[in-house]
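Here is the structure we will look at.
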Amino acid sequence: MRITALAGGIGGARFLKGVLAARPNDAVTVIGNTGDDIWIHGLRVCPDLDTVMYTLGGGISIERGWGREGETFTVKEELAEYGVEPTWFGLGDKDIATHLVRTQSMQAGFPLSDITAALCERWKPGVRLIPMTDDRAETNVIVDDPSGALDDAGRPLQIAIHFQEWWIKYRAQIPARGFVLVGVDQARPAPGVIEAIEQADIVLLPPSNPVVSIGTILQVPGVADALRSTTAPVVGVSPIVGGAPVRGMADACLTAIGVETTALAVAAHYGARLPRSASAGGNESTEIGGGFIDGWLVDESDSASVAAIEALGIRCRAVPLLMSDLDATKAMVSEAMSLAGMP
Ligand code: GDP
Ligand code: CA
């Protein structure tokens with residue numbers, strides 16, 4: 001079977017470990033979020049792609065969930081001694097080797113998708129990992145200027161900062177007024193992205209951040225349409241359990257786009273796919289975030305919302321959704337497959 005998944009970093013990578021464990025004979029393609037990518041000290045860093053690659057390839061720091069196991073931070077400390085900004089981004093010594101290879105290859109003219117495939121030759125993640133795009137599509141966050149500056153009308157001046165600055169430096173503690181994916185209008189899906197959705201037997205949305213991981217991938221031109229029109233069922237797993245993210249700050253992101261932090265609200269935000277006969281009429285919504293899931297798993301603690309989700313036209317089941325260990329994650333994957341009517 002051909003399984004295609006859209007993935008952010010930690011939540012996506014953990015779920016994918018379960019996919020590989022539960023479906024050892026299936027071909028898995030992962031479309032990775034690159035909205036978080038950033039230049040740090042002249043190096044191109046792709047946090048979500050690397051989290052997937054290291055997690056599935058056995059190199060991840062289990063404790064931190066990002067970066068390499070047995071990591072040291074000598075280069076970071078040395079840079080701090082020079083007083084060079086930014087000091088808030090965790091660049092480990094081993095990790096830097098990955099970014100050096102990537103940056104050199106980019107400077108030699110290779111697209112990120114080819115470079116990612118080359119890096120994966122070392123890590124052998126067991127999936128085909130494709131960045132959502134080879135082009136620039138960078139998540140920026142609109143915030144009130146942290147310096148307290150005011151605009152001409154005396155209101156807080158709004159500025160755009162890189163997602164990583166908001167997420168890591170400010171720990172998402174300054175309110176996000178909105179998100180802008182800079183460059184996405186001109187971005188094209190990386191080679192293989194659309195085909196992976198169109199030719200899949202099932203498309204899975206892991207419990208990745210609905211705004212800045214899945215939401216970002218959905219904005220790449222063509223991706224949302226491919227999800228709406230694929231013959232494969234599309235099944236998602238809620239990252240929100242009992243009204244809160246399991247880990248991270250997805251609530252701050254959801255609030256910024258006006259979506260409640262509940263499993264039901266995220267399902268409604270993704271929206272039910274139209275039945276194929278109806279969508280063939282050409283009258284479908286083109287609004288991002290609307291209309292591309294057939295099934296949605298919520299945690300057993302959210303079983304009270306199952307009926308409301310089904311009323312949206314989305315198949316729903318309440319099952320344990322905590323990826324506490326590989327067996328628990330495998331069971332989630334099996335539930336997602338079975339919700340789609342897959343063997
Ligand atoms: P990031 O890019 O590293 O932030 O990772 P993702 O976007 O892939 O995943 C982040 C999301 O994973 C967060 O919104 C969490 O709520 C969700 N998450 C993390 N662990 C779990 C878990 O055990 N179960 C569920 N259901 N969601 C989880
Ligand atoms: Ca991320």
Q.
I'd like the Karplus ³J(HN,Hα) series for region 27-44: coefficients 6.51, -1.76, 1.60, θ = phi - 60°, whole numbers in Hz, and an x wherever there's a Gly or Pro.
A. 9, 10, 10, 10, 9, x, 6, 10, x, 7, 4, 8, 8, 10, 6, x, 10, 8
Q: Hey, can you find the accessible area per residue of region 194-343 for me, probe 1.4 Å, expressed in square angstrom?
A: 40 Å²
Q: For a quick protection proxy, order the peptides 221-234, 96-109, 27-40 by their average other-Cβ count within 10 Å, most packed first.
A: 27-40, 221-234, 96-109
**Q.** For region 231-245, 3J(HN,Hα) per residue [Karplus equation, 6.51 cos²θ - 1.76 cosθ + 1.60, θ = phi - 60°, Hz, x = Gly/Pro]
**A.** 6, 6, x, 10, 10, x, 10, 6, x, 9, 10, x, x, 8, x
Q.
Computing the accessible area with a 1.4 Å probe over protein heavy atoms, can you report the carbon and sulfur percentage for region 138-182?
A. 51 percent
Q | Accessible surface of Arg128 - all protein chains present, 1.4 Å probe, nearest 10 Å² | A | 130 Å²
Q | Amide H contacts under 5 Å for Arg68, placed H, 5+ residues apart | A | Ser61, Asp95
Q | Eligible lysines near Lys17 by straight Cα distance, threshold 20 Å, same-chain separation 8 or greater | A | Lys124, Lys330
Q: Kindly give Rg over Rh for region 138-182, based on alpha-carbon atoms, with the Kirkwood expression for the hydrodynamic radius.
A: 0.98
Q. Over what distance in Å are the Cα centres of region 1-56 and region 208-263 separated?
A. 15 Å
(Q) Just to be sure I understand the model, the point goes 7 Å from the Cα along the line to the Cβ. What's the resulting Ala153 to Gln107 distance in nm? (A) 4.6 nm
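Just need the relative contact order of region 138-182 here, percent rounded to a whole number, with Cα pairs under 8 Å and 6+ apart.
RCO, region 138-182: 54 percent.
For region 36-131, what % of the accessible area comes from carbon and sulfur atoms, probe 1.4 Å? It would help to have the intermediate numbers written out before the result.
Numbers: 2570 of 4670 Å².
Here it works out to 55 percent.
Can you give the Rg to Rh ratio for region 6-100, taking only C-alpha atoms and Rh from Kirkwood?
Reported Rg/Rh, Kirkwood definition of Rh: 1.03.
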Q) Taking only C-alpha pairs under 8 Å that are 6+ residues apart, what is the relative contact order of region 36-131 in percent? A) 30 percent
Q: Step through the residues of region 249-260 one at a time and calculate ³J(HN,Hα) from phi using the Karplus curve (6.51 cos²θ - 1.76 cosθ + 1.60, θ = phi - 60°), rounding each to whole Hz and writing x for Gly and Pro.
A: 10, 4, 4, 5, 6, 5, 4, 4, 9, x, 10, 5
Q.
Tell me the Rg and the Dmax, in Å, that the Cα atoms of the chain produce.
A. 19.7, 63
Q) Where in region 1-18 is the amide nitrogen less than 15 Å from a point lying 7 Å along the Cα-to-Cβ axis of Met342? A) 1-7, 15-18
Q.
With a 1.4 Å probe and all protein chains left in place, how much of the accessible area of region 194-343 comes from carbon and sulfur atoms, in whole percent?
A. 52 percent
Q. Once the whole set of protein chains is in place, how much accessible area is left on Trp66, using a 1.4 Å probe, in Å² to the nearest 10?
A. 100 Å²
**Q.** Nonlocal amide H pairs with Phe179, under 5 Å, H built at 1.01 Å
**A.** Ile142
Q) When you count, for each residue, the other Cβ atoms within 10 Å and take the mean per peptide, how do 189-196, 171-178 rank with the highest first? A) 189-196, 171-178
Q. Out of Gln164, Gln186, Gln219, any idea which swings most in a Gaussian network model of the chain, alpha carbons joined below 10 Å?
A. Gln186
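The values are calculated or read from the model by the stated rules, or taken from the named source; none is laboratory data. None of these values were measured; they are calculated from a predicted model. All Cβ positions, glycine included, derive from the backbone under ideal geometry; neighbour counts span all protein chains shown. To get the accessible areas, we keep the full protein, side chains included, count just its heavy atoms, and leave off ligands, DNA and RNA. Shrake-Rupley method; radii C 1.70, N 1.55, O 1.52, S 1.80 Å.
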